[in-house]
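J.: I have a structure I would like to understand better, so I am pasting it below and will then ask my questions one at a time.
The values are calculated or read from the model by the stated rules, or taken from the named source; none is laboratory data. Not measured: the values here are computed from a predicted model. Cβ coordinates were reconstructed from backbone atoms using ideal geometry, including for glycine residues, and neighbour counts include every protein chain displayed. To get the accessible areas, we keep the full protein, side chains included, count just its heavy atoms, and leave off ligands, DNA and RNA. Shrake-Rupley method; radii C 1.70, N 1.55, O 1.52, S 1.80 Å.
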Amino acid sequence: MSEYAGKFVAKALAEVPLARADTLRDWAQRGRDKDIPELVEACERELLLRGAAEETPEVLAIYEEWAAMTEGMELEEAIFTAFGEAPPNQIEEVEAIRILHETPGIGLAEAEAQYSKGHFLLVMAHFVHIRRAFFRAFLPAKTSTRDRMVDVLINREKREDGMHYTLRPETVAAWSRLGVV
C-alpha cells in the first residue's frame, strides 16, 4: 500500500464512527476492491452496531449470540451489556441521551427543539431497535399496540400537552456504570 493510500485508510478508519451508513457501505466495498481488510472490518462492524448491516446468515448468527449474552439477565444488566457491546453512536445517540438524562420528563416538542439533528423520536426508537437482539426477552409482543420497544429504556407519560419521556432507573444505572451519562 502506498503512503497516500495508507493515509486515506487511516483517515477513513478514524472517521468510521462518524460516517453515514451509505458512506460506510461505500468504504467497505472500496476496501474489498482494494484488499484492505481492516477498512472492511471496521465499516462492517459499525454497520452492525447501528443495526444497518445487511442481514446475512453471519449477521443473524451475531444477533443470536447477542441474544444469548443477555438471556436470563435483569434489565439493568441487559442494558449494561447491550450498550457495552454496542456503544451509543456519536452521530445521533449521544446527544439524544444527554437531553433525556438532563431533562427527565421532557416533552417531545421540547426534545425536538433541543436536538440538533431532527427526528428525536426516531433516534430514541433506535436505542433499542439497533440492539434488539440484546433486549429480546424484554420486548413487547408483536400484537401489543400500547407498548413500544423504547419502553425497555424509557418511561413514557401521556399528558395534555403530549408525550413526555423519562429514562428508566435501570437505564440511568447501566448508562452511569458505562460512563454514557
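J.: Check which residues have an amide H placed less than 5 Å from Met163's amide H, if you skip close sequence neighbours.
T.: Counting only residues 5 or more places away or on other chains, the set is Leu108.
J.: With +1 assigned to the C-beta of every Lys and Arg and -1 to the C-beta of every Asp and Glu, and no other charges, what is the dipole magnitude of the chain about the Cα centre in debye, to the nearest 20?
T.: 300
J.: For region 146-181, which GluC sites (Glu not before Pro) pass both filters: DSSP loop (anything but H, G, I, E, B) and at most 14 other C-beta atoms within 10 Å?
T.: Loop-located and lightly packed - Glu160.
J.: Express the carbon and sulfur contribution to the solvent-accessible surface of region 23-181 as a percent, rounded to the nearest whole number, probe 1.4 angstrom.
T.: 51
J.: Using only DSSP helix segments of four residues or longer, with each worth -39500 (n - 2.57), what per-residue ellipticity at 222 nm results for the chain after dividing by its residue count and rounding to 500?
T.: Value at 222 nm, helices only: -17000 deg cm²/dmol.
J.: Short version: what are the Cα gyration tensor semi-axes of region 93-141, square root of 5 times each eigenvalue, largest first, in whole Å?
T.: 22, 11, 10
J.: For a quick check of your reading of the filter: which GluC sites (Glu not before Pro) in region 1-102 sit in a DSSP loop and have no more than 15 other Cβ atoms within 10 Å?
T.: Filter output for region 1-102: Glu54, Glu55, Glu71, Glu74.
J.: While we're on this one: What percent do you get for the relative contact order of the chain when only Cα pairs under 8 Å and 6+ apart count?
T.: About 23 percent, as a whole number.
J.: OK, next. Across every pair of different alpha-carbon atoms, what Kirkwood hydrodynamic radius in Å does the chain reach?
T.: Hydrodynamic radius (Kirkwood, Cα pairs) of the chain is 17.7 Å.
J.: Would you kindly give the portion of the calculated P(r) for region 56-117 that falls above 17 Å, as a percent of all Cα pairs?
T.: Values: 1079 of 1891 pairs.
For region 56-117, the share of Cα pairs beyond 17 Å comes to 57 percent.
J.: Can you tell me the length gained on complete extension of the stretch Glu65 to Ala109, counting 0.36 nm per residue apart and subtracting the Cα distance? Write down the numbers at each step before the final one.
T.: Values: separation 44, 0.36 × 44 = 15.84 nm, distance 3.77 nm.
Roughly 12.1 nm would be gained on extension.
J.: Can I ask one more? Just going by the charge dipole of region 39-128, with Lys and Arg at +1 and Asp and Glu at -1 on Cβ, which of Leu48, Trp66, Ile106 is farthest out on the positive end?
T.: The listed residue farthest towards the positive side: Ile106.
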